[in-house]
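Notes follow the structure.
The values are calculated or read from the model by the stated rules, or taken from the named source; none is laboratory data. Quantities reported herein were computed from a predicted structural model and do not represent experimental measurements. Cβ placement follows ideal geometry from the backbone for every residue including glycine, while neighbour counts extend to all protein chains displayed. Keep in mind that these areas ignore ligands, DNA and RNA; they rest on the heavy atoms of the full protein, side chains included. Shrake-Rupley method; radii C 1.70, N 1.55, O 1.52, S 1.80 Å.
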Amino acid sequence: MAATTSVRNWTSRFGLPYERGPALPRLALEGERDNRMNDISPATPGPAIALSGINLSLGRGAARVHILKDIELHIGSGEAIALVGPSGSGKSTLLMVMAGLERPDSGSVVIAEENLGRLDEDGLARFRGRRVGIVFQSFHLIPTMTAHENVAVPLELAGNPDALDRAAHELAAVGLADRLGHYPAQLSGGEQQRVALARALAPNPAILVADEPTGNLDESTGQQVVDLLFAGHAARNTTLVLVTHDPVLAQRCDRVIRMRSGRLELHATRAPASA
């Protein structure tokens with residue numbers, strides 16, 4: 001007997017002004033023009049992230065603001081993508097949609113071959129725990145837990161029997177083997193962000209998203225965190241999407257995608273090949 005669940009259908013119609021019907025098909029040839037100015041896709045098939053027809057508004061009545069507008073975005077498995085653009089352009093909101101932390105009003109969100117629109121809130125939480133690692137600008141560590149316990153939390157929730165051993169290994173990998181028993185208040189900002197990175201990488205996620213990961217750090221400390229971030233991405237071949245205002249950091253990615261006023265610019269910039 002099938003259980004009845006209440007799952008919000010992200011592709012259903014809500015009667016909002018931008019609901020104009022089904023999303024147009026993706027471009028078949030690189031360089032073809034699209035009047036939506038929002039289809040940014042990699043040159044290779046098999047996307048780890050596939051967003052189609054994404055619209056999202058926040059607020060009510062006259063205060064309602066259209067944040068994301070007709071977003072079409074495909075990101076290949078193992079790609080590193082930088083999202084750049086002015087403050088308020090929708091970068092962080094789009095990142096939260098990819099991570100399953102924000103539900104769009106319309107459109108399709110497929111992450112690691114999972115259609116997030118078919119998952120209820122519990123299903124989304126389980127999916128994030130298994131498949132998505134998240135690094136926030138402000139760390140978001142649990143203040144009453146040690147660094148060791150903070151990293152072990154997602155592993156324990158996933159039922160990993162070796163959660164503490166794995167957490168210790170991940171902390172050692174980011175240079176914090178001697179800080180396992182320290183609480184967040186006893187750690188510097190850079191150390192806290194390294195704990196957050198270890199926590200994000202511990203479940204070996206398919207997708208790693210980072211929202212201004214160096215925004216609260218000084219230049220030297222931020223560089224250390226960035227090096228660890230890209231090392232973790234390369235070693236695990238995880239798909240990396242990061243939001244940044246730092247053009248140097250953005251150029252370390254495979255592609256730089258620009259946002260403006262809730263839309264993606266038509267052409268993504270490919271980072272130059274290293275010498």
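Protein-only accessible surface at a 1.4 angstrom probe places the residues 120, 70, 162 in the order 162, 120, 70, largest first. Note on region 129-275: with neighbouring protein chains present and a 1.4 Å probe, carbon and sulfur make up 51 percent of its accessible heavy-atom surface.
All other residues whose Cβ lies under 13 angstrom from that of residue 163 are scored, Lys and Arg at +1 and Asp and Glu at -1, for a net of -3. In region 147-216, the convex hull through the Cα atoms has an average projected area of 4.6 nm², a quarter of its surface area. For region 170-275, the residue among 188, 221, 238 whose Cα projects farthest onto the positive side of the dipole built from Cβ charges is 238. Here region 113-206 is assigned +1 on the Cβ of each Lys and Arg and -1 on the Cβ of each Asp and Glu. Its dipole about the Cα centre then comes out at about 180 debye.
Using Cβ point charges alone (K and R +1, D and E -1), the dipole size of region 106-151 about the Cα centre works out to roughly 100 debye. Spatial offset of region 73-125 relative to region 230-251 amounts to 16 Å, using the alpha carbon center of each. For region 53-126, the solvent-accessible area works out to 38 Å² per residue, with a probe of 1.4 Å and every protein chain left in place. Taking amide hydrogens as placed 1.01 Å from N in the peptide plane, the amide H of residue 208 sits under 5 Å from those of 133, 239, 240, 241, each at least 5 positions away in sequence or on another chain. Projecting the Cα atoms of 99, 119, 81 onto the charge dipole of region 80-121, computed from C-beta unit charges around the Cα centre, puts 81 farthest toward the positive end.
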